[in-house]
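Heads up, the thing below is written out as structure tokens.
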Amino acid sequence: MIIRPDKLSDAEKQETIKRLWDKDPSLWTQNEEEKEAILNRLGWLDILERIDERLPKIKEFGKFVKDSPFSRVCLLGMGGSSLFALVLSKIFGPQEGYPDFWVLDTTDPEEVEKVEKDRLSETLFIVASKSGTTTEVRAFFNYFWDKIEKLSDSPGKHFVAITDPGTPLEELANEKGFERCFLNDPDIGGRYSAFSYFGLIPAACMGIDIDELILRGRKMEERCLPDVPFDENPGYKLGEFLGLFSVQSRDKLTLLMDKEIKPFGLWLEQLIAESSGKETMGLVPIVGESTGIPGFYGSERIFVYMRMEYTSFEQSLDTFINELKEAEFPVRVLKLKDIYDIGAQVFLWEFATALACHFIGVNAFNEPDVKVAKEMTKATLDHYIKEGKMPVKFWIDPQSQINFRPSHTLATSMKGLARTLRDIFNVLPTWGYLGFLPYLPYDEVVDEVIGEMRHIVRQERGCATVMGYGPRYLHSSGQLHKGGPISGAFIIFTRKRSKDYEIVPGFGTSFWHIQFAQAVGDFEALSQINRRVIHVHLPADYRLGIRSFSKVLSRAARL
């Protein structure tokens, strides 16, 4: 049920905060089965108190890593099991004396090869999965175990696990003799797990001051307690801001951040998108978009600017924010003392997102539409293993020489890529959004070209854009794409193989095939629910291909 927070009395607002702290599942559902599941997802509310007894164990492991012969730590994970670790590695990085820290959260074969070819014998792998069954993580483990087993008489000493109690990963860690196995509190969902082992073990491996990170989180927690008046409670105020405008159809949450903390947007995107995007409702987080003049933004936009206090006026976005306010856009500014205030922001956004979902009328703790793409991926791989080829037919645009296939909702016969893109732009509302979804290596050229396309789409068509690498986004914003507002359209990019890749033990396919099948699976999942989607298959030289595609899109957007 949608709730307008501006229609609540002061007493009702205060009671809402109390109910959240009391872990009342009826804030998000009246279904008894769903209530039981939610009760097993609210451990993030008090994890900062429970984590105290585990801090010595976490810090001891950090010292072990620092003193070990390993020159690199590589976390193998997806979604909530890896995103906060990735954020910490990009914002803080390994401190002096600590090993390099990598996160592998893609099945792209080139990214896998980067890990394999750099100091493999000196690498400690952290295998992170809440369920212990995540397909990508199993593939990563199988692949690197096979490699390490050939290099070491004690391969288990190269592996550490983070998982919930009783999972297949815990069993595997015991069977293979892993160096450590950290069993996480099972009452914390993946996207709310930053202050659990999933976030703090990587922090310890990088030598980050865990005490300070937790202290900042606790200070924010204290400011959000139920005895704090709602109009002084930062968690409630942000949650009300998000919820109020979302139920008024201002569902494009544009997140702006100073450069020191920009990577935090990756974690925020998952938290907001996967929590709120369901039942055709939800907030669409817009991350990494260039700024423009207010006149190019639609009335569906709201803005949050995370500003470092020490940033000068000239280097900040203050002028832009003032222009937005003058144009009467809803804006909130959150100030951070330094990068350790990320700890405060974690708790603030978890609290606010949970409240916003209450106002929007959705369950903040499930992801009902994620499994569809997984099922389609499995069907695609099964077909390949059985038939020796992918069940995909591409069309060729005669001008761009790029293979593509439009969703059946766009075309039933060959019209050409430019025409198909025009079809999308003709039906995409200005209050909609366009998603760029590359199943490609993490590449600055790809970032730059897609950034240019995002700018063109906003300037020429007036609609918001999002961008997410696959398969990372499947565990982040993928839920929103399928379960959230139906105003989205999507362009999925893959590329031809440049060579034959090694088969992943136990999978019967290479990482290229796994990644390609994931792209196909999401295309099929989006097509089934009548989302507008194009699958573009680039040449092996994907940089040249995406530049060529950009020219076609630019022309289509301007017509």
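The values are calculated or read from the model by the stated rules, or taken from the named source; none is laboratory data. Only a predicted model underlies this, so the values are computations on that prediction, with no experimental measurement involved. So basically every Cβ, Gly included, is an ideal-geometry build from the backbone, and we count neighbours across all protein chains shown.
Cβ-Cβ distances below 6 Å connect the following pairs, each with a first residue in region 384-407 that is more than 20 Å from ALA540 (Cβ to Cβ), a second residue that is assigned to a strand (DSSP E or B) and of a type in the set (Val, Ile, Thr), and a separation of six or more residues or different chains: PRO406/ILE534; SER407/VAL533. Counting the residues of region 20-37 that are surrounded by fewer than 19 Cβ atoms within 10 Å (Cβ to Cβ), closer than 27 Å to VAL228 by Cα and touching a Pro at 6+ places or on another chain (Cβ under 9 Å) gives 3.
Restricted to region 263-306, and to residues there that are in a loop (DSSP other than H, G, I, E, B) and touching a strand residue (DSSP E or B) at 6+ places or on another chain (Cβ under 7 Å), the residue that is farthest from ASP318 (Cα to Cα) is LEU283. Selection of region 484-515 for residues being crowded, with 18+ Cβ neighbours inside 10 Å and closer than 30 Å to GLY298 by Cα yields GLY484, PRO485, SER487, GLY488, ALA489, PHE490, ILE491, ILE492, PHE493.
For region 308-321, the count of residues that are among the aromatic types (Phe, Trp, Tyr), surrounded by fewer than 23 Cβ atoms within 10 Å (Cβ to Cβ) and in a strand (DSSP E or B) is zero.
When region 187-226 is filtered for residues that are outside any helix (DSSP H, G or I), at pLDDT 95 or above and farther than 22 Å from PHE125 by Cα, the ones remaining, listed by number, are ASP187, ILE188, CYS224, LEU225, PRO226.
If I go through region 25-66 residue by residue, how many of them are among the aliphatic types (A, V, I, L, M) and out of contact with any strand residue (DSSP E or B) (no Cβ under 9 Å at 6 or more places or on another chain)?
Here the count works out to 8.
For GLN528, indicate whether it is buried (at least 22 other Cβ atoms within 10 Å of the Cβ) and among the polar types (S, T, N, Q). Criteria not met by GLN528.
If you take the residues in region 174-186 that are in contact with a helix residue (DSSP H, G or I) (Cβ under 8 Å, 6 or more places away or on another chain), outside any loop (DSSP other than H, G, I, E, B) and not basic (Lys, Arg), which one is surrounded by the most Cβ atoms within 10 Å (Cβ to Cβ)? Ranking the qualifying residues of region 174-186, first place goes to PHE182. For region 384-399, the condition of being assigned by TED's automatic domain parsing to the domain that holds VAL552, surrounded by 14 or more Cβ atoms within 10 Å (Cβ to Cβ) and of a type in the set (S, T, N, Q) holds for none of the residues. Among the residues of region 471-500, those that are assigned to a loop (DSSP other than H, G, I, E, B), over 18 Å from VAL520 (Cβ atoms) and in contact with a strand residue (DSSP E or B) (Cβ under 8 Å, 6 or more places away or on another chain) comprise SER477, GLY484, PRO485, SER487, ASP500. Determine whether region 340-363 contains at least one residue that is at pLDDT below 95 and either exposed (fewer than 15 other Cβ atoms within 10 Å of the Cβ) or on the phi > 0 side of the Ramachandran plot (or both). No: zero hits.
Would a scan of region 220-230 turn up a residue that is over 22 Å from the mean Cα position of the chain (by Cα) and closer than 30 Å to SER299 by Cα? Checking region 220-230: at least one residue is over 22 Å from the mean Cα position of the chain (by Cα) and closer than 30 Å to SER299 by Cα.
Okay, residues lined up against (1) in contact with a Phe, Trp or Tyr (Cβ under 9 Å, 6 or more places away or on another chain); (2) surrounded by 22 or more Cβ atoms within 10 Å (Cβ to Cβ); (3) of a type in the set (Gly, Ala, Ser):
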site	(1), (2), (3)
VAL73	yes, yes, no
LEU76	yes, yes, no
GLY97	no, no, yes
GLU113	yes, no, no
PHE140	yes, yes, no
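I'd like the residue in region 422-476 that is small (Gly, Ala, Ser) and surrounded by fewer than 19 Cβ atoms within 10 Å (Cβ to Cβ) and, out of all such residues, is farthest from the chain's Cα centre (by Cα). Ranking the candidates gives GLY462 first. Of the helices (runs of 4 or more DSSP H) that lie entirely inside region 1-106, those containing 3 or more residues that are more than 27 Å from the chain's Cα centre (by Cα) and without any contact (Cβ under 8 Å) to a residue 24 or more places away in the chain span 10-21, 55-67.
Given (1) closer than 13 Å to HIS358 by Cα; (2) in contact with a Gly (Cβ under 6 Å, 6 or more places away or on another chain); (3) among the charged types (D, E, K, R), identify the lone condition not met by ARG41. It is condition (1) that ARG41 fails. Within region 227-237, being closer than 25 Å to LEU39 by Cα and either small (Gly, Ala, Ser) or assigned to a helix (DSSP H, G or I) (or both) holds for PHE230, PRO234, GLY235, TYR236, LYS237. Of all residues assigned to region 255-265, none qualifies as being closer than 20 Å to ASP369 by Cβ and either more than 15 Å from the chain's Cα centre (by Cα) or touching a residue at least 12 places away in the same chain (Cβ under 8 Å) (or both). Entry remark, region 319-362: residues being more than 30 Å from GLY292 (Cβ to Cβ) and in contact with an Asp or Glu (Cβ under 6 Å, 6 or more places away or on another chain) number 3 in total. Quick check on ALA379: is it more than 28 Å from CYS463 (Cβ to Cβ), within 25 Å of the chain's Cα centre (by Cα) and not assigned by TED's automatic domain parsing to the domain that holds GLU15? So ALA379 fits the description; yes.
Tell me, which residue of region 99-111 that is under 23 Å from HIS475 (Cα atoms) and in contact with a Ser or Thr (Cβ under 7 Å, 6 or more places away or on another chain) is surrounded by the most Cβ atoms within 10 Å (Cβ to Cβ)?
The selected residue is ASP105.
Determine whether PHE159 is surrounded by 15 or more Cβ atoms within 10 Å (Cβ to Cβ), in contact (Cβ under 8 Å) with a residue 40 or more places away in the chain and of a type in the set (Phe, Trp, Tyr). No: the conditions fail for PHE159.
For region 532-551, the tally of residues that are in contact with a helix residue (DSSP H, G or I) (Cβ under 9 Å, 6 or more places away or on another chain) and either surrounded by fewer than 20 Cβ atoms within 10 Å (Cβ to Cβ) or at positive phi (or both) stands at 4. Looking at region 543-550, can you tell me whether even one residue there is within 24 Å of the chain's Cα centre (by Cα), farther than 21 Å from GLY432 by Cβ and not in a loop (DSSP other than H, G, I, E, B)? Yes, region 543-550 has at least one match.
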